[in-house]
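See structure below.
Coordinate-derived values only; no laboratory data. This one's a predicted model, so the numbers in the text were calculated from it and none came from an experiment. Every residue, glycine as well, gets a Cβ built from its backbone with ideal geometry; the counts of neighbours run over all protein chains shown.
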Amino acid sequence: MKKDVVIIGAGAAGLMCAIEAGKRNRSVLVLEHMNKIGKKIRVSGGGHCNFTNINLRPDNYLSANPHFCKSALARFTPYDFIGMVERHGIEYYEKEKGQLFCRGTSGDIVRMLYEECRNAGVELLMNCRVGSITKADHFCVSTNFNRIEAGSLVIATGGLSYPELGATDKGFRTAVRFGLKVTQLKPALVPLVFGRNDLEKFSELSGVSFDAMVGFRGRQFRGEVLFTHRGLSGPVILQVSSYWIRRDEITIDLMPDRDAYELFTSKRKSRIELSNLLSECLPRRFSRKWCELCAPSRPLCQYTEKELKDIAHQIHHWTIRPEGTEGYRKAEITAGGVDTDELSSKTMEAKKVTGLYFVGEVVDVTGQLGGYNLQWAWSSGFVAGQYV
Ligand SMILES: Cc1cc2nc3c(=O)[nH]c(=O)nc-3n(C[C@H](O)[C@H](O)[C@H](O)COP(=O)(O)OP(=O)(O)OC[C@H]3O[C@@H](n4cnc5c(N)ncnc54)[C@H](O)[C@@H]3O)c2cc1C
């Protein structure tokens, strides 16, 4: 079988690339090893797909080359994707901080992509296992169906997270096979887990959550911290996890909107217990535990000035040292990927291998939490679709 374009992976980036290439009258075949397209899109955003973010800036992305993502994101912006969503009559809303979600379900986005593929004449081949990939004049892809020849080959196989939704390392292996560098991979947007000591200390806090400012090496994120039965999660922990380096400590400001020392001085003469005062701002279970571990609770009038200053400092700079992460099983995304030095930021084509393209999460461009990863998939898929 001969095609102009073969795309491996019917996820967000692969489908967007297929649609654009199909609109340019290329014969396009998408190979997907699962039984359905867009499995990750279906579960995204808790089933409501946080499909983009209208406050997007290039610095919402991590990459060895922070400039690489700029071109694609400027050529297919959140508003371009919103235009597509609106043309399909999909209702959406802004949840917070520019994050757009479907009012219905993520299935609306998958249906939209499917319809766009159909209109553009794209062929989709499900349950397709891809074997060897070689290149002479053309790319030759062997599958469990037949051998396919194509002028352009697009690798849109995503990252390593959530293997049950179809993730494989095929994209990274293909890059290496064609002599392209892949940067260090790690699970990102992932809950952190405690070592044995902390696990014992915090086990009774499982399910407790509060608003905090969490910092790691100069980066600060604000949002909910959640204690789990294994460690820490919640949106702000997921954000920090993408930057976190194993066994390093993170700093939590437990009272980001209040000056703890001022609060203490305002109650300086009172007999209120420290843990009761803290539970005005933090969950009671947490403040009791925190006092037990960091500042044994007494009536406020019994502390010296210096002790109160120290406690206030700890409230704003509480440090905790997780042991690891929940790994790819629970990571929303894989950080790292095909080295951007190997690719053209304008077309996503490999500089060394004419006709070979990499789009979406398989590339070393990792978005923060909030719709940025899907937007990268749309944008990188779109630009590649203009050149394949
Ligand atoms: C639980 C969860 C929730 C998320 N929520 C959001 C969100 O709300 N907003 C957001 O922006 N991002 C979210 N993300 C991240 C987002 O889903 C991904 O960044 C995005 O889907 C990446 O698109 P992609 O096309 O590069 O990869 P994918 O969407 O993962 O698509 C890759 C495709 O390739 C297929 N494939 C892999 N290997 C092979 C092979 N060897 N042969 C054939 N096919 C193969 C896979 O089955 C899959 O269909 C979430 C991720 C997870 C896991």
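Can you sort PHE227, PHE358 from fewest to most other Cβ atoms within 10 Å of each residue's own Cβ? Working shown, then result.
Numbers: PHE227 24, PHE358 30.
Neighbour counts put them in this order, fewest first: PHE227, PHE358.
Please list, in chain and number order, the residues 5+ apart from ALA335 or on another chain whose amide H is under 5 Å from its amide H, with Hs placed from the backbone.
Answer set, sorted by chain and number: LYS186, ALA188.
Measure off 7 Å from each Cα along the Cα-to-Cβ vector at SER203 and PHE145, then give the distance between these two points in nanometres to one decimal.
So the two model labels end up 5.2 nm from each other.
Treating the beta-carbon of each Lys and Arg as +1 and of each Asp and Glu as -1, no other charges, what is the dipole magnitude of the chain about its Cα centre, to the nearest 20 debye?
440 debye
Running a GNM on the chain with Cα contacts under 10 Å, which residue among SER266, SER27, SER287 ends up with the highest mean-square fluctuation?
Most flexible of the set in this elastic network: SER266.
Can you tell me, using C-alpha contacts under 8 Å and at least 6 residues apart, the relative contact order of the stretch 1-118 as a whole percent?
Relative contact order of the stretch 1-118: 28 percent.
Return LEU293, LEU205 ranked ascending by Cβ neighbour count within 10 Å, so the fewest neighbours appear first.
Working: LEU293 12, LEU205 19.
Going from sparsest to densest Cβ surroundings: LEU293, LEU205.
For the stretch 169-283, what does the relative contact order come out to in percent, with C-alpha contacts under 8 Å and a separation of six or more?
25 percent
Express in % the proportion of alpha carbon pairs of the chain at distances exceeding 30 Å.
So the portion of pairs separated by more than 30 Å is 45 percent.
Give the long-range amide H neighbours of GLY231: residues separated by 5 or more places, or on another chain, with amide H under 5 Å away, using H modelled in the peptide plane at 1.01 Å from N.
For GLY231, whose amide H was placed from the backbone, the distant partners under 5 Å are PHE194.
Please give every one of the lysines within straight-line cross-link reach of LYS186, meaning a C-alpha to C-alpha distance under 18 Å, and leave out same-chain neighbours fewer than 8 residues apart.
The reachable lysines, counting only those whose Cα sits under 18 Å from LYS186, are LYS170, LYS330.
List the residues, sorted by chain then number, that are 5 or more residues from LYS3 or on another chain and whose placed amide H is less than 5 Å from its amide H.
GLU149, ALA150, GLY151
Return a whole-number percent for the relative contact order of the stretch 245-363, with Cα pairs under 8 Å and 6 or more residues apart as the contact set.
Computed over the stretch 245-363, the figure is 30 percent.
In whole Hz and in residue order, list the ³J(HN,Hα) couplings for the stretch 315-328 that follow from phi through the Karplus curve 6.51 cos²θ - 1.76 cosθ + 1.60, θ = phi - 60°; x for Gly and Pro.
Working through the residues one at a time gives 4, 8, 9, 6, 10, 9, 10, x, 8, x, 10, 6, x, 4 Hz.
Mind listing the phi-derived Karplus ³J(HN,Hα) values for the stretch 130-143, rounded to whole Hz, using 6.51, -1.76 and 1.60 with θ = phi - 60°, and x for any glycine or proline?
8, x, 6, 10, 10, 9, 10, 5, 10, 7, 10, 10, 8, 9
Sorted from fewest to most neighbouring beta carbons within 10 Å, what does the list VAL43, VAL388 look like?
Lowest to highest Cβ neighbour count: VAL43, VAL388.
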